[in-house]
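Have a look at the structure below, then the notes.
The values are calculated or read from the model by the stated rules, or taken from the named source; none is laboratory data. Here the structure is a predicted model, which is why all the values come from computation and not from measurement. For neighbour counting, all protein chains shown are included, and Cβ atoms are generated from backbone atoms with ideal geometry for every residue, glycine included.
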C-alpha cells in the first residue's frame with residue numbers, strides 16, 4: 001500500500017500498527033497451549049464426566065437387572081421342576097393306592113364284624129371322594145390342554161397369515177366377549 005495524501009485517523013493507525021507487530025512477533029509455546037475459553041472447556045469437561053457417569057450407571061443397572069431377572073427365572077424354573085416331580089410322585093402314589101385297595105378288598109374277613117363293615121364303608125367313602133377329586137382334576141386338565149391346543153392353533157395361524165387372520169371380522173366376532 002502506498003501512502004496517500006489523506007490523513008489516517010490516529011486510532012486506526014495505532015490499531016494497524018499493533019496488528020502488524022503481532023503478526024511479526026513469534027508466539028510463545030505457552031501462549032498457544034493456553035485455552036482460549038477456560039469456562040467453556042470446563043463446562044465441556046463436566047459434561048463429558050457426567051456422560052461417563054451416566055453410562056457407567058446404566059451399565060451397572062442393566063447388569064443388576066440381568067442378574068435379578070436371571071435369578072427370578074431360575075427360581076421359577078426350579079419351582080416348576082419341583083411341581084412336576086410332585087405330580088409324577090402323586091401319579092405313582094395313586095397307582096400304589098390302587099394296589100393297596102385291591103389288597104385290602106381281596107383280604108376277605110374270616111368273621112364278619114362291625115369293625116370290618118365300618119372299615120370297608122370308610123374306605124368306600126374315601127375312595128369316592130378321591131375319585132371325584134381325580135375326575136375333577138382330570139376334566140380340568142383336559143380342558144386346559146384343549147385350550148392350549150386352541151391357543152397354539154391361533155398363534156400358528158396368526159404367524160402364518162398375519163393381520164389378515166388376526167384382524168378378520170369373523171375372528172374378532174368369535175373371540176369377542178359377550
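State yes or no: is residue 161 outside the structural domain of residue 87 (by TED's automatic domain parsing) and modelled with pLDDT of 85 or more? In short, yes. For segment 97-114, the count of residues that are surrounded by 10 or more Cβ atoms within 10 Å (Cβ to Cβ), closer than 20 Å to residue 137 by Cβ and touching a helix residue (DSSP H, G or I) at 6+ places or on another chain (Cβ under 7 Å) is at least one.
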